[in-house]
Amino acid sequence: MQRARFVAALTGAGVSAESGLATFRDAQTGLWARFDPREIATPSAFARNPKLVWDWYAWRRERVGTVQPNAGHRALAELEARVPEFLLVTQNVDGLHQRAGSHSVVELHGNITRVKCSREGSIVERCVKCGAFLRPDVVWFEELLPADALSAAEDAARHCDLLLVAGTSAEVYPAAGLPMLAQERGATVVEINPNATALSSRADYVLRGPSGKILPALLDSVSDPRRES
Ligand code: NAD
């Protein structure tokens, strides 16, 4: 941490778990137990039943609006200020990293608080141009990731010295391929997760525990250049 010039972080739903947002898997004991996510989060599901899809996203948007960033989000925001170069790549759609103060954020899977035209993809409050339904600006199953976000994330993986991978099961590609790309280019990969994941056996270091505890502890190991000058 002290030596790294460029630190990148890849985060997933687990980083928001301590804020009270269910992860993909926990969610299966809740609303997702009743619906197959692929029946809700796909373009064809939206074409079949936009109301069902919107009900699901309205519920999730409301949850996101009532929770607060946690110590893990705040530690990543503070880390950005302490290292020479930093990029946060997130699979989360909840905007909590930005609310915690992170500035350099790439959202691989969109943002649940935004909407876009379901036909043209432009981000507007309502589509005055073509009249198509508006939909959440998130990446659904069967959809491609935003090209600019993916290319910024891959660029960071190729050039960072250290990649922190927090709160992700590392099963959803292409995000799950970023740690391997970073390692191939010589970066050190550190996993932060209370449970074993698809990445655990390949990571250079595994820190077992909740990100709300581990990330602030890691931050303590990096001195604050603003205090030294
Ligand atoms: P996932 O549900 O597949 O995996 C969550 C991971 O977080 C697990 O490995 C789990 O062990 C770990 N975890 C649980 N509590 C943790 C904690 N306190 N600290 C650190 N780690 C913890 O989530 P994923 O890998 O992000 O992939 C699922 C997909 O679902 C993503 O595409 C994401 O966009 C979407 N999603 C987003 C949100 C959100 O924005 N908050 C919530 C649910 C799902």
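The values are calculated or read from the model by the stated rules, or taken from the named source; none is laboratory data. Keep in mind that this is a model prediction, so the values were computed, not measured. All Cβ positions, even for glycine, are placed from backbone atoms using ideal geometry, and neighbour counts span all protein chains on display. Surface accessibility is based on the protein's heavy atoms, side chains included, excluding ligands, DNA and RNA. Shrake-Rupley method; radii C 1.70, N 1.55, O 1.52, S 1.80 Å.
Using Cα-Cα distances under 8 Å and only pairs 6 or more residues apart, what relative contact order does the chain have, in percent?
Values: 402 pairs, mean separation 57.0, N = 229.
Reported as a whole number, the value is 25 percent.
Could you state the number of Å between the C-alpha centres of the stretch 149-194 and the stretch 38-58? About 30 Å separates the Cα centre of the stretch 38-58 from the one of the stretch 149-194.
Counting every Cα pair in the stretch 1-112, what percent are over 20 Å apart? Please report the intermediate quantities before stating the final value.
Numbers: 2865 of 6216 pairs.
Across the stretch 1-112, Cα pairs with separations above 20 Å total 46 percent.
Relative to the present Cα-Cα distance, how much length would full extension add between E120 and A198 at 0.36 nm per residue of separation?
Working: separation 78, 0.36 × 78 = 28.08 nm, distance 3.57 nm.
Stretched out fully, the E120 to A198 stretch lengthens by 24.5 nm.
For K51, the lysines whose Cα falls under 29 Å of its own Cα, not counting residues fewer than eight places away in the same chain, are K116, K129. Helix 71-82 and the longest principal axis of the C-alpha atoms of the chain enclose an angle of approximately 60°. Under a Gaussian network description of the chain, with springs only between Cα atoms under 10 Å, the residue in S151, S102, S16 that fluctuates furthest is S151. In the context of the full set of protein chains, residues of the chain present 51 Å² of accessible surface per residue (probe radius 1.4 Å, heavy atoms only). Within the chain, the cysteines lacking any other cysteine Cβ closer than 4.7 Å to their own Cβ are C130, C160. For the stretch 60-190, the share of DSSP beta bridges that are antiparallel, to the nearest 5, is 45%.
Subtract the Cα-Cα distance of S151 and R3 from 0.36 nm times their separation in residues, and report this length gain in nm to one decimal. If you can, show how the numbers build up before the last one.
Numbers: separation 148, 0.36 × 148 = 53.28 nm, distance 2.56 nm.
So the chain would gain 50.7 nm between S151 and R3.
Here the chain has 51 percent of its accessible surface on carbon and sulfur atoms, given a 1.4 Å probe and all protein chains in place.
In order along the stretch 83-98, the phi-based Karplus estimate (6.51 cos²θ - 1.76 cosθ + 1.60, θ = phi - 60°) of 3J(HN,Hα) comes to 10, x, 9, 8, 9, 9, 10, 10, 8, 6, 10, 8, x, 6, 4, 5 Hz; Gly and Pro are listed as x.
Loop-only GluC sites (Glu not before Pro) in the stretch 49-158, please: DSSP not H, G, I, E or B, and at most 12 other Cβ atoms within 10 Å.
Values: sites: E62, E78, E80, E85, E107, E120, E125, E142, E143, E154; in loops: E120, E125, E142, E143.
Filter output for the stretch 49-158: E120, E125, E142.
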